[in-house]
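First comes the structure, then the notes that go with it.
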Amino acid sequence: MFKPAVARQAIKALNQSTRPIALAATPRHFLRPISTTVPRFQKDDKKDPFVKATTRAPDGAAGESEGKYARTDENVVIEYPDDAHMPPSPVVQGRGGMHFKRTLAQFSLENKVTVVTGGARGLGLVMAQGIVASGSDLAIVDLNKEEAEDSAKKLVEQFQKENPGLEELPNVTAHFADVSNPDSVNNALSEILEKHGKIDQLVTSAGFTENFDAINYPFDRMQKLWGVNVDGTYLFATGVAKHLMERKAPGSIVMIGSMSGAIVNVPQPQAPYNAAKAAVRHLASSFAVEWAGHDIRVNCISPGYMLTALTRKILDENPELRDKWISLIPAGKMGVPEDLMGAVTFLLSDASKYVTGAELRVDGGYTST
């Protein structure tokens, strides 16, 4: 009897013997043939001004304009001055008087208590003045308590001049705090609560910048910068949020970042500051999500170049920076601290009741280009 296995072997042998030789010899792995490109005709690149501005040309071929407005300059070194060399910040005149122009009542900050860190001078002082003009009581927190007390006094005096006849004046107090120190922050908050009874709102304006190239940046100064800009923002925000949660009260926190948190400034090198302000911006977003269920809103204002008293001092000593800066601003000019009054009032007030986790850039369009 014929066995199936023998039949299968016979058929297999027959197929192999009748397979074409060329097909049988074809290798199992396909080898891709070498491809070639016909060289294109090129004119003399050395005389082509456009080619000189591409990666086909060696460095420096484009001349002095190569990267001129997009690189930092390690020769720009600016150290943040101590209090003895810090220029005074005047109180803004004529911005907080009675007016009869119609506007939304939601912008009012009446019956609120607002804390402003770094409020003794600069942007913090001007924002504090706008907050008082909008109806809020105020607690100024600063490392220099003497200057904070002087600023608090001047704010009330200016308010009184611009609002003659008002019997009830804003309660403006001054408090010391090293914002980078948890104990100092807690002590300041306890003192504010003792003076005002509550805290409804916070503006974290304490901060500073310096200019050193990254490799030569003094490490101790970098730690100080991060301590004030990032740790100080974190400590005050969490301290005020805890108070609001204990009261089961709504609140608004505005963190002062910088456009530097989203771009790299030129020509001055300031990598640690840029990174610190990026951290502030993302802290605002993170806290906004974490505390939304407690009705605590957290937003960030990122100013561009502002002509504070300190900025004026820096530009006096480095006049070439002014033209470089304003050449990169679509608005063609720097801002002034008063430009932040409306922004901070909006974000603190009920006019922005559904706004949280947002970044409001006040930079003349700098970061749009």
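Among the conditions (1) crowded, with 20+ Cβ neighbours inside 10 Å; (2) out of contact with any Pro (no Cβ under 7 Å at 6 or more places or on another chain); (3) at pLDDT 95 or above, the only one that residue 225 does not satisfy is (2).
Among the residues of the stretch 308-325, those identified as without any contact (Cβ under 8 Å) to a residue 12 or more places away in the chain and either of a type outside the set (D, E, K, R) or under 16 Å from residue 260 (Cα atoms) (or both) are 315, 319. Which of (1) among the hydroxyl-bearing types (Ser, Thr, Tyr); (2) surrounded by 15 or more Cβ atoms within 10 Å (Cβ to Cβ); (3) within 24 Å of residue 140 (Cα to Cα) is the odd one out, the single condition residue 217 does not satisfy? The one condition residue 217 does not meet is (3). Within the stretch 190-217, the set of residues being assigned to a loop (DSSP other than H, G, I, E, B), within 19 Å of residue 152 (Cα to Cα) and hydrophobic (A, V, I, L, M, F, W, C) comprises 199, 206. Just one residue in the set 230, 264, 280 is open to solvent by 10 Å² or more (accessible area, probe 1.4 Å) and within 26 Å of residue 355 (Cβ to Cβ); that residue is 230.
Yes/no matrix, rows are residues, columns are (1) open to solvent by 20 Å² or more (accessible area, probe 1.4 Å); (2) without any contact (Cβ under 8 Å) to a residue 24 or more places away in the chain; (3) within 17 Å of residue 348 (Cα to Cα); (4) touching a helix residue (DSSP H, G or I) at 6+ places or on another chain (Cβ under 8 Å):
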residue	(1), (2), (3), (4)
103	yes, yes, yes, no
111	yes, no, yes, no
125	no, no, yes, yes
133	yes, no, yes, yes
144	yes, no, no, yes
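Being under 27 Å from residue 81 (Cβ atoms), in contact with a strand residue (DSSP E or B) (Cβ under 7 Å, 6 or more places away or on another chain) and surrounded by fewer than 23 Cβ atoms within 10 Å (Cβ to Cβ) is a description that does not apply to residue 191.
Could you grab me the full set of residues in the stretch 283-306 that are open to solvent by 20 Å² or more (accessible area, probe 1.4 Å), closer than 30 Å to residue 322 by Cα and in a strand (DSSP E or B)? Passing the criteria: none in range. Of 228, 240, all but one fail to be within 12 Å of residue 206 (Cβ to Cβ) and β-branched (Val, Ile, Thr); the exception is 228.
For the stretch 354-369, a tally of residues being outside any helix (DSSP H, G or I) and either of a type outside the set (Gly, Ala, Ser) or buried (at least 20 other Cβ atoms within 10 Å of the Cβ) (or both) returns 10. Across the stretch 326-348, the number of residues qualifying as without any contact (Cβ under 8 Å) to a residue 40 or more places away in the chain, part of a helix (DSSP H, G or I) and β-branched (Val, Ile, Thr) comes to 1. Every condition in (1) in contact (Cβ under 8 Å) with a residue 24 or more places away in the chain; (2) under 17 Å from residue 203 (Cα atoms) holds for residue 286 except the one numbered (1). Using the structure shown, decide if residue 351 is out of contact with any Asp or Glu (no Cβ under 9 Å at 6 or more places or on another chain), farther than 21 Å from residue 207 by Cα, in a helix (DSSP H, G or I) and at pLDDT 95 or above. Yes: the conditions hold for residue 351.
Might you let me know whether the stretch 261-271 holds any residue that is under 30 Å from residue 217 (Cβ atoms), touching an Asp or Glu at 6+ places or on another chain (Cβ under 6 Å) and in contact (Cβ under 8 Å) with a residue 40 or more places away in the chain? Write out each step before concluding.
Taking the stretch 261-271 first, the residues under 30 Å from residue 217 (Cβ atoms) are 261-271.
Going one step further and asking which of them are touching an Asp or Glu at 6+ places or on another chain (Cβ under 6 Å), we end up with 267, 269.
Those still in the list that are in contact (Cβ under 8 Å) with a residue 40 or more places away in the chain too: 267, 269.
Yes, because at least one residue in the stretch 261-271 is under 30 Å from residue 217 (Cβ atoms), touching an Asp or Glu at 6+ places or on another chain (Cβ under 6 Å) and in contact (Cβ under 8 Å) with a residue 40 or more places away in the chain.
The values are calculated or read from the model by the stated rules, or taken from the named source; none is laboratory data. On a predicted model such as this, the values are computed, not experimentally measured, just so you know. Note that we place each Cβ from the backbone using ideal geometry, even for glycine, and neighbour counts take in every protein chain shown. These area figures cover heavy atoms from the full protein model, side chains too; ligands, DNA and RNA do not enter into them. Shrake-Rupley method; radii C 1.70, N 1.55, O 1.52, S 1.80 Å.
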